[in-house]
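Working notes for the structure below.
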């Protein structure tokens, strides 16, 4: 039993031994003797004989539980139901209150039924516990498998993005060498001084061979020098061309489209939590899709359609911009007028020659010769 302290201020640290229901106070042995002398007709009760459940445990109430609150299914004291509300009193003043004598018979009759229910629970507790563990394992396995499926999706997304990055970087290197520059040009440029020096030496040597009537050697040297000069001219032309070349690369989609795409990527994916109850009380299967689910589904479908339209527009816009830039660069490089060569004709020539500008430009002359 809980130890109650004496209600008399001077004895508040001393354990109480009795309780006076009229005065509603606890008393120690000293206060008990004084109280019995002054209030001999008061009904006092030995705390050792009173079950602690009979006293209200709300803060500073310390009164007998004489009432029943139907709203909260709870026993109350007079301070609990007082109409004067404050922080400590009147918690059940607005509830439906009965005297405990009014519910005694009802609760007594219901006790046997509740005991049977508890016994049934007790007898089935072990089996229920096994079922609960199995259900938990099933749900936990399902949760872990679901997490793995999400990880797989995002891993595939990362792989796709990384592979696309590699493809674009390789394409840049390939196009750069095809359309703009390659390391062979640097190597040939570095070899030019030595090559020219050797040709000069070979030319002077050929003059001596002519003087000594070494006709065959002389002719071989002349032909070799002529061929080497052609190659030197080609190298020189290439160097001049790349000195004048305006190098330009662009990535599509543009910045604002990328930002929009990344924002959507941040919130990619959504988990739909749903508890399915197969049958209702009448044995009829429930329609598990709530109105909110239907609305979310419609919103998702609308958003997907919008994303598809937007992606189509992005692709279309990117392709058009890329084509325009290719045509502008091609015209500028070869000084072509729009009146002489249409955009469609230039684009066709580039497509037919795998976007090799030199070959595309040469195809115009081949076409003129054939005509």
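The values are calculated or read from the model by the stated rules, or taken from the named source; none is laboratory data. If you're wondering where the values come from, they're calculated on a predicted model, not measured in any experiment. All Cβ positions, glycine included, derive from the backbone under ideal geometry; neighbour counts span all protein chains shown.
For the residues 108, 133, the requirement of being part of a helix (DSSP H, G or I) and surrounded by 10 or more Cβ atoms within 10 Å (Cβ to Cβ) singles out 133. Based on what the data block shows, is residue 38 farther than 20 Å from residue 100 by Cβ and surrounded by fewer than 16 Cβ atoms within 10 Å (Cβ to Cβ)? Yes: the conditions hold for residue 38. Quick check on region 321-352: of everything there that is under 20 Å from residue 238 (Cα atoms) and in contact with a helix residue (DSSP H, G or I) (Cβ under 6 Å, 6 or more places away or on another chain), which residue is modelled with the highest pLDDT? Top of the filtered list is 330. In region 67-74, is there at least one residue being more than 15 Å from residue 20 (Cβ to Cβ), over 54 Å from the mean Cα position of the chain (by Cα), in contact (Cβ under 8 Å) with a residue 12 or more places away in the chain and buried (at least 16 other Cβ atoms within 10 Å of the Cβ)? Looking for residues that are more than 15 Å from residue 20 (Cβ to Cβ), over 54 Å from the mean Cα position of the chain (by Cα), in contact (Cβ under 8 Å) with a residue 12 or more places away in the chain and buried (at least 16 other Cβ atoms within 10 Å of the Cβ), one finds at least one in region 67-74, hence yes. Among the conditions (1) at pLDDT 90 or above; (2) in contact with a helix residue (DSSP H, G or I) (Cβ under 9 Å, 6 or more places away or on another chain), the only one that residue 128 does not satisfy is (1).
Applying the set (1) over 24 Å from residue 106 (Cβ atoms); (2) touching a strand residue (DSSP E or B) at 6+ places or on another chain (Cβ under 9 Å) to residue 90 leaves exactly one unmet item: (2).
Scanning region 81-105 for residues that are surrounded by 11 or more Cβ atoms within 10 Å (Cβ to Cβ) and either within 51 Å of the chain's Cα centre (by Cα) or in contact (Cβ under 8 Å) with a residue 40 or more places away in the chain (or both) yields 85, 88, 89, 90, 91, 92, 93, 94, 95. Among the conditions (1) under 24 Å from residue 100 (Cβ atoms); (2) at pLDDT below 85, residue 3 misses just one, which is (1).
Taking the conditions (1) at pLDDT 70 or above; (2) in a loop (DSSP other than H, G, I, E, B); (3) out of contact with any helix residue (DSSP H, G or I) (no Cβ under 7 Å at 6 or more places or on another chain) in turn, residue 282 satisfies each one other than (1).
Residue pairs whose Cβ atoms lie under 9 Å apart, sitting 6 or more positions apart in sequence or on different chains, and linking a residue in region 251-277 that is in a helix (DSSP H, G or I) to a partner that is surrounded by 10 or more Cβ atoms within 10 Å (Cβ to Cβ) and modelled with pLDDT of 85 or more, are 265/157.
Taking the stated definitions as given, is residue 97 in contact with a helix residue (DSSP H, G or I) (Cβ under 9 Å, 6 or more places away or on another chain) and within 30 Å of residue 82 (Cα to Cα)?
Against the criterion (in contact with a helix residue (DSSP H, G or I) (Cβ under 9 Å, 6 or more places away or on another chain) and within 30 Å of residue 82 (Cα to Cα)), residue 97 qualifies.
Within region 219-238, which residues are at pLDDT below 75, surrounded by 15 or more Cβ atoms within 10 Å (Cβ to Cβ) and more than 19 Å from residue 186 (Cβ to Cβ)? The one that is at pLDDT below 75, surrounded by 15 or more Cβ atoms within 10 Å (Cβ to Cβ) and more than 19 Å from residue 186 (Cβ to Cβ): 221. Look at residue 119 and say whether it is at pLDDT below 85 and either surrounded by 10 or more Cβ atoms within 10 Å (Cβ to Cβ) or over 30 Å from residue 77 (Cβ atoms) (or both). Criteria not met by residue 119.
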